[in-house]
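Encoded as structure tokens, the structure appears first; notes follow it.
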């Protein structure tokens, strides 16, 4: 595709980004500009919010690093029964909605949680619930990135180092670690971004004392109507996340290396030490990534029939219908935008980098900016679906871009020489081959849309409650019955997430290039 | 007759091809030799219309086709990786070009089956192309290229992905089949022995131009 055609195709997603992301960010700047830029730092309360947001992100990075690297090394180097199943399951937290994760953490560690029922202490204050929730989401990301990176380490370089006298431990630090470090750094960027700009987990698990900036922005807008102060905070966070996003993009670009053909072959663990290492890795994953999800199901099953009756309430059915139709509309729009963006970005690294922006910008800042810029459209379906699509379409674009990269360029050229016009090449060759990538991207987009929470809180009408807002509504009401109802609804959300997960995994299996 | 007049191409500020002139008659096979990066594959893509020209003209039977889209030139191109469509079975791969010419799919499949029979590949008509051996893939790619009866056949290192014994066997088979059809054929390769076995004339790409070898 010629460069000019690329930009023409890119005009649609770029215009969309301009209207729904750049313009609202500028509007935030205008609103926040009414106050001195240093306002959030002069107020001790707001300064604590910023410092805590950054600190919890940093602590999560350290935690995922310490736990994730050894787990990834074990998964990359040892072959054992169930290994590929574990690798598949690592994708699960990517599709679990924030609120479901928060419910899982509460069901496991909170008051009347599984741990308390087993004789342990419940955690209902302090930063630990939020930090655990962050680990749940991000450990899998780091493990996946590092496992892939360890898989790229050259076996011949390791062999050369060993013959030159290096012990396995020295080989790790002098050969494997330098190869993995850039991947790890890029994963750390993402972890920091997700934690610093996260909303759902912090809202439910942070409480009054450990709420993050995103929660504070929501409180200032929704409860205190302090728009200028909220905008100033949002601007700081936007600046921070955009800076980190640029850093991540630069790092990620350098990592697009082809798979090495001389990767280190995996071997069956030998001896008690190696089996203990495998067991420890699996325990870490089970405790951090699987336990909260199991706890939700366990607690929901313990809840009485009355709690399960919530599934048939008119409000729930309406919320389910809203979640499904918003998701359907958003995925449709996201697919068109993602397809245009991916096709246009084939030859432009700038366009390719731009697709990351909606992924790393805080949904709260996006929703608040939209609220300020288009007050007449708030509670309009078009704006709501547009905002959903903004957060979902990068998944489609990224998946398709990877699919296009994997597609041999010769196929299109041969099809042209056999008489197919560019449109016919797209229809008969490109699109059929992209189908698994498209399905995968759409499933991620659907998982994002169905679990969307922040945007819905800002832009929705009361009658447009979705499953996530309904979970939050029940969670905010006092009493065990309401908590149980929230757990049951979280199970329903989790089932939808699992559906998306199944589609993603089946798309992986049906890759025609495989 | 295929005629190239003063074809030139600059790539990343370097003159890749300069004033390339070449004539290939019907039924004739001409080989272009050169090391990797010499521009021989680019030349082939320029002839196919897949790569733009900085200067020069591509003509066929006296008609200037430089501005003609690749799909309207009625040339067929074969790559070293065969470029078979992985989402289609063998029969539909071979029928691809016929469908693009406007034939109904059912009719195209009948013709594809007949073609596969001639190539001894009839039993593989419904096989997935990725399950075929290298030699089988190569034959399918040739059948797909020849079924539309192209005016020119463009071969880009067609045997380099095969082992030595299969390469020799297929080389003779290809030469025979191309001679049967009698079209102008342009072969690009870095293997001089292969070029001499296949082509009546051979040129080397040197400093962007063509030098006659035989």
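The values are calculated or read from the model by the stated rules, or taken from the named source; none is laboratory data. Only a predicted model underlies this, so the values are computations on that prediction, with no experimental measurement involved. Heads up, the Cβs are rebuilt from the backbone with ideal geometry, glycines too, and the neighbour counts pull from every protein chain shown.
A few comments on the model shown:
- Those helices (runs of 4 or more DSSP H) of the range A:391-485 in which 2 or more residues are within 14 Å of chain B (Cβ to nearest Cβ) and farther than 22 Å from residue A:197 by Cβ occupy A:409-417, A:422-425, A:431-450.
- Residues in the range B:81-129 that are within 14 Å of another protein chain (Cβ to nearest Cβ) and on the phi > 0 side of the Ramachandran plot: B:82, B:83, B:102.
- Note on the range A:470-499: residues that are out of contact with any helix residue (DSSP H, G or I) (no Cβ under 6 Å at 6 or more places or on another chain) and within 25 Å of residue A:441 (Cα to Cα) total 4.
- Criterion: within 24 Å of residue B:195 (Cα to Cα), touching a helix residue (DSSP H, G or I) at 6+ places or on another chain (Cβ under 6 Å) and assigned by TED's automatic domain parsing to the domain that holds residue B:211 - qualifying residue of B:29, B:42: B:29
- Flag for residue B:69 being within 12 Å of chain A (Cβ to nearest Cβ) and within 18 Å of residue B:151 (Cβ to Cβ): yes
- Among the residues of the range A:2-25, those identified as exposed (fewer than 14 other Cβ atoms within 10 Å of the Cβ) and modelled with pLDDT under 75 are A:2, A:3, A:4, A:5.
- Among the residues of the range A:54-64, not a single one is free of Cβ contacts under 8 Å to residues at least 24 places away in the same chain, outside any helix (DSSP H, G or I) and within 21 Å of residue A:236 (Cα to Cα).
- Some residue of the range A:35-58 being closer than 24 Å to residue A:293 by Cα and at pLDDT 90 or above: yes
- Annotation: residue A:119 fulfils all but one of (1) part of a helix (DSSP H, G or I); (2) out of contact with any helix residue (DSSP H, G or I) (no Cβ under 8 Å at 6 or more places or on another chain); the unmet one is (1).
Results for (1) in a helix (DSSP H, G or I); (2) free of Cβ contacts under 8 Å to residues at least 24 places away in the same chain; (3) surrounded by 14 or more Cβ atoms within 10 Å (Cβ to Cβ), shown as yes or no for each residue.
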residue	(1), (2), (3)
A:151	yes, no, yes
A:160	yes, yes, no
A:166	no, yes, yes
A:171	yes, yes, yes
A:198	no, no, yes
A:217	yes, no, yes
A:232	yes, no, yes
A:248	yes, no, yes
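- In the set B:171, B:151, only one residue is within 20 Å of residue B:71 (Cβ to Cβ) and surrounded by fewer than 20 Cβ atoms within 10 Å (Cβ to Cβ); that residue is B:151.
- Residues that are in a strand (DSSP E or B) and either touching a residue at least 24 places away in the same chain (Cβ under 8 Å) or within 12 Å of another protein chain (Cβ to nearest Cβ) (or both) within the range B:18-53 comprise B:18, B:19, B:20, B:21, B:22, B:24, B:29, B:30, B:31, B:32, B:33, listed in sequence order.
- Selected residue (only one of A:99, A:87, A:130 is assigned to a helix (DSSP H, G or I), out of contact with any helix residue (DSSP H, G or I) (no Cβ under 6 Å at 6 or more places or on another chain) and under 30 Å from residue A:446 (Cα atoms)): A:87
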